[in-house]
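So the structure is just underneath, and the comments pick up after that.
What follows draws every value from the coordinates through simple rules; no lab data is involved. These numbers were taken from a predicted model, which means no experiment stands behind them. Positions of Cβ are generated from backbone atoms using ideal geometry, with glycine treated the same way; all protein chains shown enter the neighbour counts.
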Amino acid sequence: MYRYDDLDHTLVSERVAEFRDQTQRFLAGELSEEEYRPLRLRNGLYIQRHAPMLRISIPYGLLSSLQLRKLGDIALRYDRGYGHFTTRQNLQLNWPTLESVPDILEELAAVEMHAIQTSGNCVRNVTADHLAGVAPDELDDPRPYCEIIRQWATLHPEFTYLPRKFKIAVTGSPADRAASEVHDVGLHMRRDQAGNIGFEVLVGGGLGRAPAIGQVIRDFLPLPELLAYLEAILRVYNRYGRRDNIHKARIKVLVKSLGIEQFRAEVESEWQTGRDTAPHLHAAEVDRVRSYFKPLPYASLPDVDATADRELNFRAWYRYNTRPHKTPGYRAVFVSLKAHGRPPGDMTSAQMAALADLADAVSFGLIRVAHDQNLLLTDVRQEDLYRTWLALQAQELATANIGTLTDMIACPGLDFCSLANAGTISVARDIQSRFNDLDYLYDLGEIEIKMSGCMNACGHHHVGHIGILGVEKHGEEWYQITLGGSVNGFTALGEVIGPSVRQHAVPETIERIIEVYLKRRDDGERLIDTYRRIGMAPFKERVYASRAAAA
Amino acid sequence: MRLVLRQREVSADDWTHFEADRAPDADADALIVPLIELRKDEARWQAWPGRLGVRIQPADKVESLAGELDRYALIAVEFPTPSEGRGYTQGRLLRGRLGFTGELRAVGGAVKRDLIFALARCGFDAFELAAAEDPAACIAALGRYTVAYQPAVAGSSPQRLRFSV
């Protein structure tokens, strides 16, 4: 993985010093809350319901065992012994004190981590495919380019006060595992006829209010122009994006109002005009960063059947929680943070420490965060899978439910977040307990439930096969259900099934949707396929049928 | 007394801001006039005997000043709130693209130490300090970072950069 050089270290420690000064001025009363707010937000610090929330950046979801151990240690000493992994592949601490945040940042800096630009109206953590570098279907590893973009965007003097937040995802596989089409900018790696690396560039995707799917602004952007072109997009956005209405300030609104043709013309013109003064990505710098992402020192191993003579539970885990690896003899392993009865994405300090040790033992000391709030050990020898399973089981990290209904995404919701309208954690728990039987879950096949506690859509509800959105009605928590959303290579936004339902009715509603699916599915059809084939009406009819009529 | 930070030194402002309801002092040698006022009566300001500056708003397109930059000894760019970010681009374009060589001044309530480093990298060389802002802290802020990743306006960045043009 990438390692800081002196420039990176210096910049991060100077940022820590700056933030310490800002926080001290706030605590001393020299800065008002209004003045401190944009400063702390640029550094991932929110003031939440109960306490501040600190969002720590995990660039493109890649962690060393040292870093994960440190995160666990920080959560133990400064928080309540756990953290929450997010859909931006970051980690949130829910209970640090404001006074301690500069110290936390200093400890993070010592392991080459920070919280820079994890919130605020700036370029946020760049996300990537969680199987980057190991997926068999990959054109090339996107992570060097994520790292280059991370550096370029960090404390960018011109683009730190954009109209609104700005999210970039990069993927190197045709199967889009990074939800790149619902990002402000999505970059898809491509090769031209001469074999040179470049990117298809999408712009104007996004969730939140008025969700939109990104549109192609450029079919092929040569690699040396990557930063110059991003700079052109951001400059056009910074100048012309709306600032009068927070709900209309994302770049998707500008792209829509100008139309993609006009927006493209603006960007291409800015790119051409600004080329001489824009950063050029020189080959030496690309090579320097790429050298940190060379293939790991894999052993030369045959593929083996890791499940031979093993018990059923292990076979189920192998089937659901592991994925193919491009290197023979290896496999990628999901670490499920979706144990039934626990908030999705939460992990204790003890689990982090144990997983760091396990990564050292079986997976080159590296850990990934997936945007669907699970972790991975991506480089496990097939012969080590059984002991990996045993070790994960001992930490309750081996629930064999990846890709099933209970592998749901959920933001922290009303229990923590001051933006939320409704709770998510208790709803997730109720759904998990209603669908607790793993064999039943396996029969239901691949189902993605994504839940957000408000319109900001941190839980990606628009692109869930089943989406759940918390809404507030007359001071009560209600939930709007959508069907038909998807990402992963075919991006679609879900449609609202009908009037929202009360909290206690959510599991029942999902059960009724599942009933229709089970009754109507063809062989091998997933819920999303059945929905696309038969449409909304049968689901709607069943969900809103009176109990008597339904019986 | 209004303070201005230039060249790592703070001094009393030698410029006057135009006020719509008050005729400028006849002996005002250096006057900053809002762009909207300038456009109302171009002839009047062409005849202004002293030094002339123009004050632009976040929504103003700096390209509209391209043909007349040599008329101005100063351009003042407005930063009314900390979250207003268009001025950074205006500064970069005025300096880096349109080649303005006069004083590029950040003005408005948000011009405080926390913004100054980024403003300087976008080509600003003068900062009209918000009331009650500590001048020494603002000078120190110019040296807040000794490194940066991206190139910005030539000559305004730390020596050590990652990327180059």
### Query
Roughly what would the spin-label model give for B:A12 and B:A154, points 7 Å off Cα along C-beta, in nm?
3.8 nm
### Message
Under 5 Å between amide hydrogens, which residues at least 5 positions from A:V335 or on another chain qualify, with H placed 1.01 Å from N in the peptide plane?
### Response
A:L375, A:L376, A:L377
#### Entry: Proxy reagent accessibility, fewest Cβ within 10 Å first, across A:M352, A:M53
A:M53, A:M352
### Simple Cβ-charge dipole of the stretch A:284-410, Lys/Arg +1 and Asp/Glu -1, about Cα centre, in debye nearest 20
220 debye
### Message
Distances longer than 24 Å among the Cα atoms of the stretch A:1-147: what percent of all pairs is that?
### Response
32 percent
### Task
Over the alpha-carbon set of the protein assembly as shown, work out the extent along each principal axis and list the three values in angstrom, largest first.
95, 60, 57
### Task
Could you go through the stretch A:443-457 in sequence order and give the Karplus-derived ³J(HN,Hα) for each residue, using 6.51 cos²θ - 1.76 cosθ + 1.60 with θ = phi - 60°, rounded to whole Hz, and x for Gly and Pro?
5, 6, x, 6, 9, 9, 9, 10, 10, 10, x, 6, 4, 5, 6
### Query
Mind checking the dipole of the stretch A:466-551: about its Cα centre, +1 per Lys or Arg Cβ, -1 per Asp or Glu Cβ, Debye to the nearest 20?
220 debye
### Task
Pick out, from A:S257, A:H156, A:L337, the residue whose Cα sits farthest towards the positive end of the charge dipole of the protein assembly as shown, with +1 on the Cβ of Lys and Arg and -1 on the Cβ of Asp and Glu.
A:S257
### Task
Taking the Cβ of A:H183 as the centre, find all other residues whose Cβ is under 14 Å away and add up their charges (Lys, Arg: +1; Asp, Glu: -1).
+3
### Query
Over all pairs of distinct alpha carbons, what does the Kirkwood formula give as the hydrodynamic radius of the stretch A:1-79, in Å?
14.6 Å
## Note on the structure
With -39,500 (n - 2.57) per DSSP H segment of 4 or more residues and division by the full residue count of chain A, the 222 nm estimate, nearest 500 deg cm²/dmol, is -11000 deg cm²/dmol
### Summary
So, for the Cα atoms of chain B, Rg and Dmax in Å stand at 15.9, 51
### Message
For the protein assembly as shown, give me every cysteine whose Cβ has no other Cys Cβ within less than 4.7 Å, ordered by residue number.
### Response
A:C122, A:C146, A:C417, A:C454, B:C122, B:C138
### Query
Got a sec to turn the phi values of the stretch B:148-160 into Karplus ³J(HN,Hα) couplings, 6.51 cos²θ - 1.76 cosθ + 1.60 with θ = phi - 60°, whole Hz, x for Gly and Pro?
7, 7, 9, x, 9, 5, 3, x, 9, 9, x, 4, 9
### Dipole magnitude of the stretch A:409-550 about its Cα centre (Cβ charges: Lys, Arg +1; Asp, Glu -1), debye to nearest 20
360 debye
### Query
Which FRET efficiency value, to the nearest 0.05, do you get for A:L296 and A:F490 by plugging their Cβ-Cβ distance into 1/(1 + (r/R0)^6) with R0 = 25 Å?
0.20
### Summary
The residues A:S336, B:S164, sorted from fewest to most surrounding Cβ atoms within 10 Å, come out as B:S164, A:S336
### Task
Work from the charge dipole of the protein assembly as shown (Cβ charges, +1 for Lys and Arg, -1 for Asp and Glu, about the Cα centre) and give the residue of A:T509, A:S13, A:T273 farthest towards its positive end.
A:T509
### Task
Enumerate the calculated ³J(HN,Hα) couplings along the stretch A:87-93 in order (Karplus 6.51 cos²θ - 1.76 cosθ + 1.60, θ = phi - 60°), each rounded to whole Hz, writing x wherever the residue is Gly or Pro.
6, 9, 6, 9, 10, 10, 9
#### Entry: Distance from the stretch A:281-295 to the stretch B:15-90 (C-alpha centre basis), Å
46 Å
### Task
Let me know the Kirkwood hydrodynamic radius for the stretch A:409-550, please, with Cα pairs as the basis and the value in Å to one decimal.
15.2 Å
### Message
Which log10 I(q)/I(0) values does the stretch A:491-530 give at q = 0.15, 0.29, 0.30 Å⁻¹ under the Debye formula, counting every alpha carbon as one identical point scatterer?
### Response
-0.45, -1.04, -1.06
### Message
Going by amide H atoms built from the backbone, whose H comes under 5 Å of the H on A:R218, apart from near neighbours?
### Response
A:V201
### Eligible lysines near A:K256 by straight Cα distance, threshold 22 Å, same-chain separation 8 or greater
A:K165, A:K167, A:K248, B:K61
### Query
How large is Rg over Rh for the stretch A:312-394, taking Rg from the Cα atoms and Rh as the Kirkwood inverse mean of 1/r across Cα pairs?
0.93
### Query
Per residue, what volume in Å³ does the convex hull of the Cα atoms of the stretch B:102-144 enclose?
63 Å³
### Radius 9 Å from Cβ of A:A353, net charge of other residues (Lys, Arg +1; Asp, Glu -1)
-1
### Message
Cut-off is 10 Å between beta-carbons; in what order do B:W45, B:W15, A:W389, A:W317 appear when sorted fewest neighbours first?
### Response
B:W45, B:W15, A:W389, A:W317
### Query
Counting partner chain Cβ atoms within 10 Å of every residue's Cβ in B:130-140, what's the average?
1
### Summary
Shape descriptors of the stretch A:134-290 over alpha-carbon atoms, Rg and Dmax in angstrom, are 15.1, 46
